[in-house]
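Participant: Got a structure for you, questions after.
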Amino acid sequence: MANPDLHRVPRHPHAWAVVLVLSQLAVAALWWRLGWPVGLPAMLATHAVFLWGVLVPDSGLFSPVLKRLPTSEPVVWLTIDDGPSEQTPAVLDLLDAHGAKATFFVVGERAQARPELLREIARRGHGIGNHSHSHPQAWFWALGPAAMRRQVADAQAAITAITGTAPHWFRAVVGMANPFVSAPLRTHGLARVAWSARGFDAVAADPDAVVTRIERGLSPGAIVLLHEGARHGRNLEVLALLLRRLDALGYRTVLPEAGAEAGQWLEKTREAEMETARFPGPPP
């Protein structure tokens with residue numbers, strides 16, 4: 001089960017519609033009273049806010065989104081998108097070799113094509129998240145309510161049927177989530193996850209450059225975005241190099257699941273914060 005302190009399912013999935021209507025009523029009033037020199041910029045500004053909410057991967061405008069883990073411990077959450085793929089067994093072996101855990105955000109259709117790999121991910125103690133059913137990369141951000149509902153629901157059903165466990169986490173395709181994603185997330189009890197460290201390994205083929213970019217975003221609680229099965233074929237090299245760097249820098253990997261050993265960092269962080277609040281150090 002997902003940690004309730006981190007797992008935030010949208011509570012009011014249609015609140016955006018109320019805000020949209022009210023904002024456009026306000027724009028209409030401004031246009032009526034002050035004319036187009038004021039009304040037109042106001043309309044463009046309100047539309048820009050909504051577009052920003054769709055196109056920015058860690059925008060929480062339409063639904064809560066987890067960007068990093070709240071801890072001062074040297075831990076990171078590795079997340080691997082777009083599988084399962086031919087690379088999955090080698091990815092699992094690399095993770096095992098470093099004693100690392102990750103959450104695989106998988107595509108429903110790809111899971112149905114390789115169910116044995118999904119079961120192997122679960123058997124080795126890794127997490128599995130929902131990353132849509134068909135991965136419509138070019139237009140996921142523009143899907144209507146019915147299509148968005150199918151993308152989330154079909155992937156959820158496929159993963160649950162294969163593993164026997166329903167995912168708790170969802171990652172939007174390319175990170176872009178429009179207003180229609182909130183309702184299916186609430187229906188299926190899913191919380192949305194973004195990231196705080198990425199190297200663009202889905203498109204960049206130089207492992208050193210990719211890991212260097214990831215390192216710039218590393219800090220306690222970082223959520224690291226990785227991929228498998230990219231066309232350039234070098235995701236395994238990226239993962240191997242990153243795992244070596246994490247070891248060298250003293251970072252551990254965790255899964256934010258309640259009750260799991262890896263989730264104990266949250267309680268430790270709370271205790272440390274409470275202790276600091278009770279006994280603050282001498283003033284500088």
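Participant: Quick one: if you take sqrt(5λ) for each eigenvalue of the C-alpha gyration tensor of region 110-191, what semi-axes come out, biggest first, whole angstrom?
Facilitator: Its equivalent ellipsoid spans semi-axes of 22, 13, 11 Å.
Participant: Relative to the longest principal axis of the chain, what angle (0 to 90°, nearest 10) does the C-alpha long axis of helix 36-55 take?
Facilitator: 20
Participant: How much area per residue is accessible in the chain when the probe is 1.4 Å and only protein heavy atoms are counted (Å²)?
Facilitator: On the way: 13920 Å² over 284 residues.
Accessible area per residue: 49 Å².
Participant: If R0 is 30 Å, what FRET efficiency do you get for Asp5 and Ala153 from their C-beta distance, rounded to 0.05?
Facilitator: Values: r = 26 Å, r/R0 = 0.88.
According to the calculation, E is roughly 0.70.
Participant: Of the labelled options [x] 20.2; [y] 18.7; [z] 19.4, which one gives Kirkwood radius over Cα pairs in Å as computed for this structure?
Facilitator: Derived directly from the coordinates: [x].
Participant: Over region 28-105, with every protein chain in place, what whole percent of the accessible area is carbon and sulfur at 1.4 Å, could you tell me? Mind dumping the intermediate values first?
Facilitator: On the way: 2570 of 3710 Å².
On region 28-105, the fraction of accessible area on carbon and sulfur atoms equals 69 percent.
Participant: On to the next question. Leaving out ligands, DNA and RNA, and with a 1.4 Å probe, what % of the accessible surface on region 208-259 is carbon or sulfur? Walk me through the numbers before you get to the answer.
Facilitator: On the way: 1040 of 2260 Å².
That share works out to 46 percent.
Participant: Additional query: Please sort by residue number the trypsin sites (Lys or Arg not before Pro) in region 1-96 whose DSSP state is loop and whose Cβ has at most 11 other Cβ atoms within 10 Å.
Facilitator: Values: sites: Arg8, Arg11, Arg33, Lys67, Arg68; in loops: Arg8, Arg11, Lys67.
In loop regions of region 1-96 (DSSP not H, G, I, E or B), the sparsely surrounded trypsin sites (Lys or Arg not before Pro) are Arg11.
Participant: With an 8 Å cut-off on Cα pairs and a minimum separation of 6 or more residues, tell me the relative contact order of the chain in percent. Intermediate results must be reported in sequence, preceding the final value.
Facilitator: Details: 516 pairs, mean separation 74.0, N = 284.
Worked out over the chain, it gives 26 percent.
Participant: Can you list the residues, at least 5 places off or on another chain, whose amide H is less than 5 Å from the amide H of Ile128, using H built in the peptide plane?
Facilitator: Here Phe104 satisfy the definition.
Participant: Which is farthest toward the positive dipole end of the chain among Leu246, Thr212, Phe200, measuring Cα position about the Cα centre, with Cβ charges +1 (Lys, Arg) and -1 (Asp, Glu)?
Facilitator: Working it through, the farthest residue towards the positive pole turns out to be Phe200.
Participant: Another question, then. As I understand it, the value is the acute angle between the Cα axis of helix 145-163 and the longest principal axis of the Cα atoms of the chain; what does it come to in degrees, rounded to 10?
Facilitator: That works out to roughly 20 degrees.
Participant: Let's test the formula: R0 of 35 Å, r as the Cβ-Cβ distance of Ala28 and His98. What FRET efficiency results, to the nearest 0.05?
Facilitator: 0.05
Participant: Provide Rg and Dmax in Å for region 1-113, with only Cα atoms included in the calculation.
Facilitator: Rg, Dmax (Cα atoms, Å): 21.6, 68.
Participant: Just how large is the dipole of the chain about the Cα centre, in debye to the nearest 20, putting +1 at every Lys and Arg Cβ and -1 at every Asp and Glu Cβ?
Facilitator: Numbers: 27 positive and 25 negative charges, 164 e Å.
With Lys and Arg at +1 and Asp and Glu at -1, about 780 debye.
Participant: OK, next. Give the angle, between 0 and 90 degrees and rounded to the nearest 10, that separates the Cα long axis of helix 235-249 from the longest principal axis of the Cα atoms of the chain.
Facilitator: Here the helix axis deviates by roughly 80 degrees.
Participant: In the chain, once you exclude exposed chymotrypsin sites (Phe, Trp or Tyr not before Pro) (DSSP loop, at most 15 other Cβ within 10 angstrom), what's the longest stretch remaining? Could you put the intermediate results ahead of the total?
Facilitator: Numbers: sites that count: Trp139, Phe200.
With chymotrypsin sites (Phe, Trp or Tyr not before Pro) excluded where exposed in loops, the chain gives 1-138 as its longest stretch.
Participant: Hey, another quick one. Starting from the Cα-Cα distance between Ala48 and Arg213, subtract it from 0.36 nm times their residue separation and give me the gain in nm to one decimal.
Facilitator: On the way: separation 165, 0.36 × 165 = 59.40 nm, distance 2.89 nm.
Once the chain is fully extended between Ala48 and Arg213, it gains 56.5 nm.
Participant: Something else: Mind computing the radius of gyration and Dmax over the alpha-carbon atoms of region 195-238? Å is fine for both.
Facilitator: 9.9, 31
Participant: As a check on your grasp of the helix formula, calculate [θ] at 222 nm for the chain: sum -39500 (n - 2.57) over DSSP H runs of n ≥ 4, divide by the residue count, round to the nearest 500. Show your work: numbers first, answer last.
Facilitator: Working: 10 runs with 130 residues, N = 284.
So the calculated ellipticity at 222 nm is -14500 deg cm²/dmol.
The values are calculated or read from the model by the stated rules, or taken from the named source; none is laboratory data. It should be emphasised that the depicted structure is a prediction, and the values quoted were computed from it without experimental measurement. All Cβ positions, glycine included, derive from the backbone under ideal geometry; neighbour counts span all protein chains shown. The accessibility values were calculated without ligands, DNA or RNA, using every heavy atom of the protein model including side chains. Shrake-Rupley method; radii C 1.70, N 1.55, O 1.52, S 1.80 Å.
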